[in-house]
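Visitor: Below: one structure in structure tokens.
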Amino acid sequence: MDSDLGKKFRAAVWPLLVVALAVSTTLVGLQGQLNEGRTIKSVHLFDLPTGVSRTQIEEALTGLNRAIAETGHTDANYVLWEVNQAQVPGYPSIGYHFVMEGIWPSQTAYDEIRETPAFRGAIEDYSEVLQAISDASVYSRYQRVGLGGQPPH
């Protein structure tokens, strides 16, 4: 009878141990993602470079975004912002008419994306426009900060 009870106990406990192991492995993996998953933002502030149109910039960023999409990183892309003509009175402008924003889920994703043939090809295809932006811009990279106990992503 003890033998039957032992078998029933093992049969009941074994699945619980497997679930506990799976949950702990998942939690360890999530902790690693939280530590690495800080969103990175790159920002170029600029006026239209000489000889480059807004349409050319839009085409270049669309090409880069298409290459990024091919990597499967749906959480990374470039965005172009233009200053709103209805500025709030009394607040000084930052002095640039355009903001080019790059959004990256992590440094690892940034590195992976930039190493792909598709992204490298897009950089090459639009090199003149991208170099003109780079030459005419003020550039900074930012890392998102978690607020109020929230994770930074």
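The values are calculated or read from the model by the stated rules, or taken from the named source; none is laboratory data. Just so we're clear, the structure is a prediction, and the values are computed from it rather than from any experiment. A quick note on method: Cβ atoms are made from the backbone with ideal geometry, for glycine too, and the neighbour counts reach across all protein chains shown.
Visitor: Give the number of residues within the stretch 125-141 that are of a type outside the set (S, T, N, Q) and part of a helix (DSSP H, G or I).
Guide: Within the stretch 125-141, the subset of a type outside the set (S, T, N, Q) is 125-126, 128-130, 132-133, 135-136, 138-139, 141.
Remaining after also requiring part of a helix (DSSP H, G or I): 125, 128-130, 132-133, 135-136.
Selection size over the stretch 125-141: 8.
Visitor: Just one of the numbered conditions (1) within 21 Å of ARG141 (Cβ to Cβ); (2) surrounded by 15 or more Cβ atoms within 10 Å (Cβ to Cβ) is not true of GLN107; which one?
Guide: (2)
Visitor: Right, something else. One residue is enough: does the stretch 53-60 have a residue meeting the conditions assigned by TED's automatic domain parsing to the domain that holds ASP111 and either touching a Lys or Arg at 6+ places or on another chain (Cβ under 9 Å) or at pLDDT below 95 (or both)? Lay out the reasoning, then the answer.
Guide: We begin by selecting, within the stretch 53-60, every residue assigned by TED's automatic domain parsing to the domain that holds ASP111; these are 53-60.
With the extra rule that they be either touching a Lys or Arg at 6+ places or on another chain (Cβ under 9 Å) or at pLDDT below 95 (or both), the set shrinks to none.
Within the stretch 53-60 (the criterion being assigned by TED's automatic domain parsing to the domain that holds ASP111 and either touching a Lys or Arg at 6+ places or on another chain (Cβ under 9 Å) or at pLDDT below 95 (or both)), the answer is no, since none of the residues qualifies.
Visitor: So which residues in the stretch 51-69 are surrounded by 13 or more Cβ atoms within 10 Å (Cβ to Cβ) and in a loop (DSSP other than H, G, I, E, B), if there are any at all?
Guide: Within the stretch 51-69, just VAL52 meets the criteria.
Visitor: Can you confirm whether the stretch 76-86 contains a residue that is in contact with a Pro (Cβ under 9 Å, 6 or more places away or on another chain), of a type outside the set (Val, Ile, Thr), outside any helix (DSSP H, G or I) and at pLDDT 75 or above?
Guide: The answer is yes; a qualifying residue exists.
Visitor: Now a separate question. Can you tell me which residue among VAL145, VAL138 is without any contact (Cβ under 8 Å) to a residue 60 or more places away in the chain and more than 23 Å from ALA69 (Cα to Cα)?
Guide: Numbers: VAL138 fails: without any contact (Cβ under 8 Å) to a residue 60 or more places away in the chain.
The match here is VAL145.
Visitor: Looking at GLY90, is it of a type in the set (Gly, Ala, Ser), exposed (fewer than 12 other Cβ atoms within 10 Å of the Cβ), under 23 Å from THR39 (Cβ atoms) and out of contact with any helix residue (DSSP H, G or I) (no Cβ under 8 Å at 6 or more places or on another chain)?
Guide: Working: of a type in the set (Gly, Ala, Ser): yes; exposed (fewer than 12 other Cβ atoms within 10 Å of the Cβ): yes; under 23 Å from THR39 (Cβ atoms): no; out of contact with any helix residue (DSSP H, G or I) (no Cβ under 8 Å at 6 or more places or on another chain): yes.
Considered against the rule, which asks whether it is of a type in the set (Gly, Ala, Ser), exposed (fewer than 12 other Cβ atoms within 10 Å of the Cβ), under 23 Å from THR39 (Cβ atoms) and out of contact with any helix residue (DSSP H, G or I) (no Cβ under 8 Å at 6 or more places or on another chain), GLY90 comes out as no.
Visitor: Any idea which of (1) in contact (Cβ under 8 Å) with a residue 40 or more places away in the chain; (2) farther than 22 Å from GLN143 by Cβ is the one GLN87 doesn't satisfy?
Guide: For GLN87, the exception is condition (1).
Visitor: Checking GLU101 against (1) farther than 23 Å from VAL145 by Cα; (2) at pLDDT 95 or above; (3) of a type outside the set (Val, Ile, Thr), only one condition comes out false. Which one?
Guide: Condition (1) is where GLU101 drops out.
Visitor: Find the residue count for the stretch 39-50, including only residues that are in contact with a Lys or Arg (Cβ under 7 Å, 6 or more places away or on another chain) and assigned to a loop (DSSP other than H, G, I, E, B).
Guide: 2
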